[in-house]
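The values are calculated or read from the model by the stated rules, or taken from the named source; none is laboratory data. Note that the structure is a prediction, hence the values are computed from the model and not measured. Glycine gets a Cβ as well: all are built from the backbone with ideal geometry, and neighbour counts include every protein chain shown.
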Amino acid sequence: MLSKKIIVFTLISAFFLTISVSSIAQGFGIYASPGIINYGGDLQKSVYTFSQARFAISGGLLYNFNHFTIRGALTYGKIQGSDSTGGFKSRNLSFQSKLGEASLALQYDLFTLDEKKFTPYIFAGGALFYHNPYTIYEGKRVNLRDLGTEGQGLSIYPDREMYSLTQFAIPLGVGVKYKITDHWHVAMEFCSRFLFSDYLDDVSKTYPDEAALLHGRGQLAVDLSYRGDEIDPTRTFPTEGAQRGSASHNDNYYTSSLSIIYMFSRSESFGGIGRHKKMKALDCPKL
């Protein structure tokens, strides 16, 4: 199912990114967006917070026509969460993950920058992102997905499949944009990604049976499924079915960024360059 989503998303992206630049030359631009990224999930106090936020960078292409803009971007950042700051200290879980995203979105500007120098805007689209949650255990990095810390992949839990590291997301965002000159614009925006997975942090449902997890995945999976005994050795592994996370809401991640945008003029665009050369070749010789 996911492979079909990847194929469809790739085809749609290719279609928009290969639109003739010459037909909308005045609306072609590039941008870079440094900012911060954070996640909302089981190891975070609030859905939206600056706590545990990290640096992120985005960049991409855009085509503007009247009030609408088609924008494609690549985003890279790192998300993290920890019970030590998230509020559930007795569970003592933590994760980190590098995150890469490719997105395509349609933006609507309330005003055109020909009308005013300033405009609010909204946007929505689709994205594919890659993540691979890991934790630090005894000084070493350990990837969590393959351990099946909630019994994923075990025959006694047929409803718990291994989650995919590549997922689809729906970006929704708002921003404000200001025209400095015809070429240079700046924008500030907030974008939240709505996910179809609750395993961004490797925490979602209930604890598995300890003996079954030990037999099927080994001691390391048991050790990292529950880490409360690391801060209190008298604590034991929770009983099967005890709540480990909350599966009632999927995880999400979000960015806040400042965009620096450069808009090409017609003569600077690929189509404009081609037309300029063609017209120059057709000039009559001077006598």
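Summary of computed values
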item: Leading residue by the ranking (surrounded by the fewest Cβ atoms within 10 Å (Cβ to Cβ)) among those in segment 149-161 that are within 15 Å of Gly245 (Cα to Cα) and under 26 Å from the mean Cα position of the chain (by Cα); result: Arg160
item: Those residues of segment 68-102 which are in contact with a strand residue (DSSP E or B) (Cβ under 6 Å, 6 or more places away or on another chain) and among the basic types (Lys, Arg), in sequence order; result: Arg71, Lys78, Lys98
item: Filter result (polar (S, T, N, Q), modelled with pLDDT under 85 and crowded, with 17+ Cβ neighbours inside 10 Å) within segment 258-280; result: Ser269
item: Tally, over segment 181-224, of residues that are free of Cβ contacts under 8 Å to residues at least 40 places away in the same chain and either within 30 Å of Lys117 (Cα to Cα) or in a strand (DSSP E or B) (or both); result: 1
item: Test for Pro133: is it exposed (fewer than 14 other Cβ atoms within 10 Å of the Cβ), at pLDDT 95 or above and at negative phi; result: no
item: Condition check for Thr255: out of contact with any Lys or Arg (no Cβ under 7 Å at 6 or more places or on another chain), in a strand (DSSP E or B) and modelled with pLDDT of 90 or more; result: yes
item: Which listed residue, of Gly100, Gly87, is at pLDDT below 90, surrounded by fewer than 16 Cβ atoms within 10 Å (Cβ to Cβ) and within 25 Å of Asn252 (Cα to Cα); result: Gly87
item: Subset of segment 200-211 that is buried (at least 22 other Cβ atoms within 10 Å of the Cβ) and more than 14 Å from the chain's Cα centre (by Cα) - its residue that is nearest to Phe237 (Cα to Cα); result: Pro208
item: Residue count for segment 81-132, restricted to those that are more than 19 Å from the chain's Cα centre (by Cα) and among the aromatic types (Phe, Trp, Tyr); result: 5
item: Tally of residues being surrounded by fewer than 14 Cβ atoms within 10 Å (Cβ to Cβ) and either in contact with a helix residue (DSSP H, G or I) (Cβ under 8 Å, 6 or more places away or on another chain) or at pLDDT below 95 (or both) across segment 162-180; result: 1
item: Residue among Thr255, Thr236 that is surrounded by 19 or more Cβ atoms within 10 Å (Cβ to Cβ) and of a type outside the set (Phe, Trp, Tyr); result: Thr255
item: Which listed residue is farther than 30 Å from Asp109 by Cα and in contact with a helix residue (DSSP H, G or I) (Cβ under 9 Å, 6 or more places away or on another chain), from Val222, Val203; result: Val222
item: Residues of segment 133-148 classified as among the aromatic types (Phe, Trp, Tyr) and more than 23 Å from the chain's Cα centre (by Cα), total; result: 1
